[in-house]
Amino acid sequence: MAMMLILLGAPGVGKGTQAQKLMAHFGVPQISTGDILRAEVRRKTPLGQQALTYMNKGELVPDNVILDMVAQRLKASNAKNGVIFDGFPRTIAQAQGLDGILKQSGKKLDAVLSIEVPVQRIEERLSSRRSCATCGAVFNVLLNPDEIDNHECPKGQPLIVQREDDRPETIERRLKVYTEQTEPLKDYYRQTGLLKEVPGEGTVSEVFSRLLQAL
Ligand code: AP5
């Protein structure tokens, strides 16, 4: 089904987790600017090296870098029926840039889903997150410890790590940056009638059902 969605929400509310499920449900790809940047960092490209200095401090990578990256990714053939944006846009300038890109290609957003989770729960989720550095799979030591132990990496040797920016001081900075620079996007999309706020507490399946209901 064609579907053009934005997943909005503070760091750790479960955007990536829900994007995986929405992707399977609607059959459209996820565009996670965070995942694209981490892949550039792993490959040690100039873009990755530039981005890393911002990411490790919990700051946003400059808008022009992000918009170029997204415009490029949207040209891929598997993006023609829609995409699920995860962690993008993150500033008003990025939202305006996306409006321009979509207008040029005659596409329109279907909805902006903002996942809402109290700060205390977010801190808990982020400090207990682990991922496989080889394939990118995301886990949680509180939610699914067995999956970490039993992970069979589809891309090679499993390597379970904690993200550099999931350390307490960086989490604090990321949350502040979210409040200052990203949360204003809720008003931006509320004005267009596209915003739907969805509670993000409860199990992964419960949150997924709420997202589908909101749509
Ligand atoms: P990015 O990778 O986008 O990070 P983020 O927005 O901070 O979001 P996270 O990936 O931390 O969390 P999430 O909401 O996806 O939660 P998840 O599903 O993993 O960005 C990283 C950095 O890159 C930025 O700081 C910035 O520097 C840069 N960047 C990226 N995009 C940019 C942009 N557009 N502009 C500028 N800079 C950009 O879940 C978290 C944990 O909770 C997991 O362990 C998961 O298993 C668990 N969990 C999920 N759902 C539940 C549930 N229902 N109950 C219990 N636990 C749950």
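The values are calculated or read from the model by the stated rules, or taken from the named source; none is laboratory data. These figures come from a predicted structure and were not determined experimentally. Quick reminder, even Gly has a Cβ in these numbers, built from the backbone with ideal geometry, and neighbours come from all protein chains shown. Ligands, DNA and RNA are stripped out before the accessible areas are found, and what is left, the full protein with its side chains, is counted by its heavy atoms. Shrake-Rupley method; radii C 1.70, N 1.55, O 1.52, S 1.80 Å.
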Sorted peptide list for 79-92, 103-116, criterion being average Cβ within 10 angstrom, highest first: 79-92, 103-116
Please label the shape of the range 41-89 as rounded, prolate or oblate, based on the square roots a ≥ b ≥ c of the eigenvalues of the alpha-carbon gyration tensor (a/c under 1.5 means rounded; beyond that, a/b larger than b/c means prolate, else oblate). prolate
Between Glu124 and Lys103, Cβ-based FRET efficiency (R0 35 Å, step 0.05) works out to 0.30
Please count, across the chain, the pairs of lysine residues with Cα atoms under 21 Å apart that sit 8 or more places apart or on different chains. 24
The range 70-134 to the range 29-68: how many Å between their Cα centroids? 13
Carbon and sulfur atoms: what percent of the 1.4 Å accessible area of the chain do they account for? 50
Starting from the Cα-Cα distance between Arg173 and Asn144, subtract it from 0.36 nm times their residue separation and give me the gain in nm to one decimal. 7.8 nm
List every residue whose amide H lies under 5 Å from the amide H of Asn140, counting only residues 5 or more places away in sequence or on a different chain, with H placed 1.01 Å from N in the peptide plane. Arg130
Can you work out the accessible area per residue across the range 90-215, with the rest of the protein chains kept in place, probe 1.4 Å, in square angstrom? 58
Figure the gain on full extension for Glu183 and Asp35 (residue separation times 0.36 nm, minus the Cα-Cα span) and round it to one decimal in nm. 51.2 nm
Rounded if a/c is under 1.5, else prolate if a/b is larger than b/c, else oblate: which is the range 72-184, with a ≥ b ≥ c the root eigenvalues of its Cα gyration tensor? oblate
Residue among Pro154, Val83, Val207 farthest towards the positive dipole end of the range 76-215, charges placed on Cβ: Val83
